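Data block below; observations after.
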Amino acid sequence: MSDPQRTSLYDAHVAAGAKIVDFAGWEMPVEYAGVRAEHLAVRSRCGLFDVSHMGQIEVMGPGARDFLQTTLTNDITRIGPGQAQYTLLPEDDGGVIDDLLAYALPDRFLLVVNASNIDACWARLGALAPDGVGLVNRSPEVGMLALQGPAWATALTPVSSPEPFSLAYMEATEAHVGGVPCLVARTGYTGAPGVEIMCDAARAPVIWDALMGVSGGPDPCGLAARDTLRLEMGYPLYGNELSRDRSPIPAGLTWACDLAHGGFPGAGRMRREVEEGTPDRLVGIVLTEKGIPRGGCPVLAGGRRVGTVTSGTLSPSLGVGVALAYVAPEHAHVGAPLSIDVRGKEKAAEVTRLPMVDSSPRKEHHT
């Protein structure tokens, strides 16, 4: 086993009193002041996350767009320079290797992938790339910060040039933050308005210090709050809601799959699943009595198991236990009465709408 890696912000996290944990082979801050305080800071004001463990893979060459159109699930012809798109990298049978963001830049595409899947994505893209398409793994060179929350622009304005907040959701532009050249994108994984900032990894601490030094600026936030924030929004997490064992369809990601035109791997299976249905579907669940569901908890209906929790927590926004779970289709409608076995005790619950809270960074949502 290799030693965990550290981002260039590790010392800043330690100095700020962060609790450090091993995450996907990285020593990362899981929390600072506490998950609830950090979560609510993002929902009400803004927080700053180090997400430099994420991977960045560049795709370039005259055939890059055509290659991605037949390799990723979404219709990448819909985005042009300065735009981003949520998409997935499928296995030959339609299972999910990773979900990711694809950025169209003036001279190349940038794929931001999950930290745990960098090697898998690199291998898959390399195996499929034709002559004339170049791939570069920039992951070790890129630092990435996520400034998330409704006050993100107030925090960014004093330290950025030109001011990037005219960006629409899922758009990106080159800018300087704290004097450091960056790619600033109106993206994020919290369900709150905000930006993600990519730069030379060695200079990420300059940006962190600049943003943290703004009067009324962000709170430092760890990965635990990032997880509770995304769960309230119903955003899937690879390894929990997404895996090679399922296609994106039961996860409710049909909108990210160009099934009308897509020639990508697994498209045939996905079309069949849309037409015929799937054995289970991903839903949001809210407990109607005290309890905290966790991944792996059985979901019951009338005393019979009908599904499994994939992610669960105590929602800081709602003050109740919430979960994402795969359940049988007949129990997947909003309001369906269920219960969750939490440590041997059945806790009453019901299927809820997604997102569970309304703090969307758009009212236009995904591209």
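A short reminder: the numbers here are calculations on the coordinates, not readings from a lab. Please read all numbers here as calculations on a predicted model, not as lab measurements. Cβ placement follows ideal geometry from the backbone for every residue including glycine, while neighbour counts extend to all protein chains displayed.
Details
- Equivalent-ellipsoid semi-axes of segment 82-220, from the Cα gyration tensor, Å, largest first: 29, 15, 14
- Percent antiparallel among DSSP beta bridges (both partners in the chain, rounded to 5): 95
- Rounded if a/c under 1.5, otherwise prolate or oblate - segment 136-178, Cα gyration tensor axes: prolate
- When the convex hull of its Cα atoms is projected in every direction, mean area for segment 279-356 (nm²): 4.3
- Listed residue (179, 109, 213) projecting farthest to the positive dipole end of the chain, Cβ model: 213
- Shape class for segment 80-131: prolate, because the ratio a/c of the largest to smallest gyration tensor axis (alpha-carbon atoms, square roots of eigenvalues) is 1.5 or more and a/b beats b/c.
- Only helical runs count toward this figure. For the chain, summing -39,500 (n - 2.57) over DSSP H runs of n ≥ 4 and dividing by all residues gives -5000 deg cm²/dmol at 222 nm.
- The Cβ shell under 15 Å around residue 175 holds other residues with a net charge of -3, Lys and Arg each +1, Asp and Glu each -1.
- Contact order normalised by residue count of the chain, Cα under 8 Å, 6+ apart, percent: 18
- Extension gain (nm, one decimal) between residue 141 and residue 305, 0.36 nm per residue minus Cα-Cα: 54.4 nm
- Protection proxy ranking, highest mean first, for peptides 110-120, 268-278: 110-120, 268-278, where packing is the per-residue count of other beta-carbon atoms within 10 Å, averaged.
- Pairwise centroid distance, computed over Cα atoms, of segment 22-47 with segment 145-196, Å: 18
- Taking 1.002 mPa s as the viscosity and 20 °C as the temperature, the Stokes-Einstein diffusion coefficient of segment 241-335 based on its alpha-carbon Kirkwood radius rounds to 148 µm²/s.
- Normalised per residue, the volume of the convex hull around the Cα set of segment 1-123 (Å³): 156
- Span-rule helices in the chain, defined as complete DSSP H runs reaching 27 Å or more along the axis (Cα) with Kyte mean at least 1.0: none
- Protection proxy ranking of 210-223, 292-305, 314-327, by the mean of other Cβ atoms within 10 Å over each peptide's residues and highest first, is 314-327, 210-223, 292-305.
- Paramagnetic label zone (point 7 Å from Cα along Cα-to-C-beta, residue 21; backbone N under 17 Å) in segment 290-311: 292-297, 310-311
- The slack in the chain from residue 108 to residue 6, taken as 0.36 nm per residue of separation less the alpha-carbon distance, amounts to 33.9 nm.
- Coil-residue trypsin sites (Lys or Arg not before Pro) of segment 102-175, DSSP, other Cβ within 10 Å capped at 15: 138
- Taking every C-alpha pair closer than 8 Å and separated by at least 6 residues, the mean separation divided by the residue count of segment 267-367 gives a relative contact order of 30 percent.
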